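Chemist: Below: one structure in structure tokens.
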Amino acid sequence: MLKNKVAVITGGTRGIGFAIAELFAKNGAKVAVLGSRKETVDKALEKLAAVDAEWEIMGLYPDLTDYASVEAAFAQVKERFGKIDILVNNAGISAREPIEAYEPDAFKNIMDLNVTAVFNGCKAVVPMMKENGSGSIINTSSMVAKFGQQSGVGYPASKFAVNGMTQSLARELGKYNIRVNAVAPGVTRTDMVAALPEEMVARVAAGIPMGRVGEPEEVANAFLFLASDMASYVSGAVLAVDGATVN
Ligand code: NAD
């Protein structure tokens, strides 16, 4: 589905981002995996190469919160693979602190990665996509951008911002054939969830209409659809992959 396409995936070293990297490579894309540290990026590349040594993959670890660093990383991808067709802004951190314990610095940090880094990625990739005459940007939102969450206000605030950026840029960039969408996962079995006691996961699952948490591969399928030409007229969408979670 992604033959001859070049994809950049931020936060591609584990969890949902890694599942996206693997699925995109499996579907013929050349993939640049971006992570926060050299060691984790190298490990992710090794894991991908172990699946298929023929895959064209590369790894980088720019500071996503710094525009110049993102721009330089994207230039390296262009130098190696010739272009960027797909950008997945997936790196993110979450928070749970109640407001009184929530340090202003922690709020700034979550906004820097979950919001500013998405802006930086979009800003750096748009000139390349305009040059190509097409592009697909997909941002990772969350189910918390439907109703907020009970504590850790920075996280839902950041994901509502991601949805706002997605819908606004879809309108701004439609005339250039650049599509901008988001995927909003529900509770997904990444490292964070896997580390929880099984009975706690079962309790969470019981509150989900489909009776279970999601798997990273199921979330990655939504990214594949939005990245591919099958979604050629889909832009400005926030696609929930959450088993019909309502809160
Ligand atoms: P994860 O913690 O397993 O992976 C996070 C990724 O982000 C890693 O690749 C990590 O290297 C990268 N990252 C973290 N801090 C970074 C930094 N400062 N600079 C660069 N990269 C950094 O998380 P995940 O669960 O796979 O989450 C991925 C995305 O999905 C996030 O945006 C998250 O908000 C969203 N999400 C996750 C869930 C869930 O239940 N797992 C639900 C809804 C939304």
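All of the numbers you see were taken from the coordinates with simple rules; none came from a lab. Keep in mind it's a predicted model, so treat the numbers as computed, not measured. Every residue, glycine as well, gets a Cβ built from its backbone with ideal geometry; the counts of neighbours run over all protein chains shown.
Chemist: Does Ser141 meet the test of being surrounded by 23 or more Cβ atoms within 10 Å (Cβ to Cβ), away from the ligand (no atom under 11 Å from the Cβ) and hydroxyl-bearing (Ser, Thr, Tyr)?
Modeler: So Ser141 fails the test.
Chemist: Considering only residues of segment 64-121 that are closer than 16 Å to Val31 by Cα and polar (S, T, N, Q), which is farthest from the ligand (Cβ to nearest atom)?
Modeler: Here the residue is Gln76.
Chemist: Further question: What tally of residues in segment 156-204 results from selecting those that are under 22 Å from Pro216 (Cα atoms), of a type in the set (A, V, I, L, M, F, W, C), in a helix (DSSP H, G or I) and within 18 Å of the chain's Cα centre (by Cα)?
Modeler: Qualifying residue count for the region: 4.
Chemist: Right, something else. Across segment 205-232, what is the number of residues that are in contact with a Gly (Cβ under 8 Å, 6 or more places away or on another chain), part of a helix (DSSP H, G or I) and under 30 Å from Asp85 (Cβ atoms)?
Modeler: Summing the residues that are in contact with a Gly (Cβ under 8 Å, 6 or more places away or on another chain), part of a helix (DSSP H, G or I) and under 30 Å from Asp85 (Cβ atoms) in segment 205-232 gives 1.
Chemist: Scan segment 88-117 for residues that are among the polar types (S, T, N, Q) and either in a helix (DSSP H, G or I) or exposed (fewer than 15 other Cβ atoms within 10 Å of the Cβ) (or both) and jot them down.
Modeler: Of everything in segment 88-117, those that are among the polar types (S, T, N, Q) and either in a helix (DSSP H, G or I) or exposed (fewer than 15 other Cβ atoms within 10 Å of the Cβ) (or both) turn out to be Asn109, Asn114, Thr116.
Chemist: Can you name the number of the only condition in (1) more than 8 Å from the ligand (Cβ to nearest atom); (2) basic (Lys, Arg); (3) more than 27 Å from Val77 (Cα to Cα) that Arg179 fails?
Modeler: (3)
Chemist: So, one more: Which helices (runs of 4 or more DSSP H) sit wholly inside segment 1-87 and have at least 1 residues that are under 21 Å from Thr190 (Cα atoms)? Before you say what the answer is, go through the steps one by one.
Modeler: Details: elements: 15-26, 38-51, 67-81.
By residue number, 15-26, 38-51.
Chemist: Can you pull out the residues in segment 114-125 that are farther than 16 Å from Gly164 by Cα and out of contact with any strand residue (DSSP E or B) (no Cβ under 7 Å at 6 or more places or on another chain)? Working first, answer last.
Modeler: Here is the first cut: in segment 114-125, the residues farther than 16 Å from Gly164 by Cα are 124-125.
Correct list: Ala124 only.
Quick grid of which residues meet (1) in contact (Cβ under 8 Å) with a residue 60 or more places away in the chain; (2) under 17 Å from Glu217 (Cβ atoms); (3) among the polar types (S, T, N, Q):
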position: Val33; (1), (2), (3): no, yes, no
position: Arg37; (1), (2), (3): no, no, no
position: Thr40; (1), (2), (3): no, no, yes
position: Glu56; (1), (2), (3): no, no, no
position: Ala72; (1), (2), (3): no, no, no
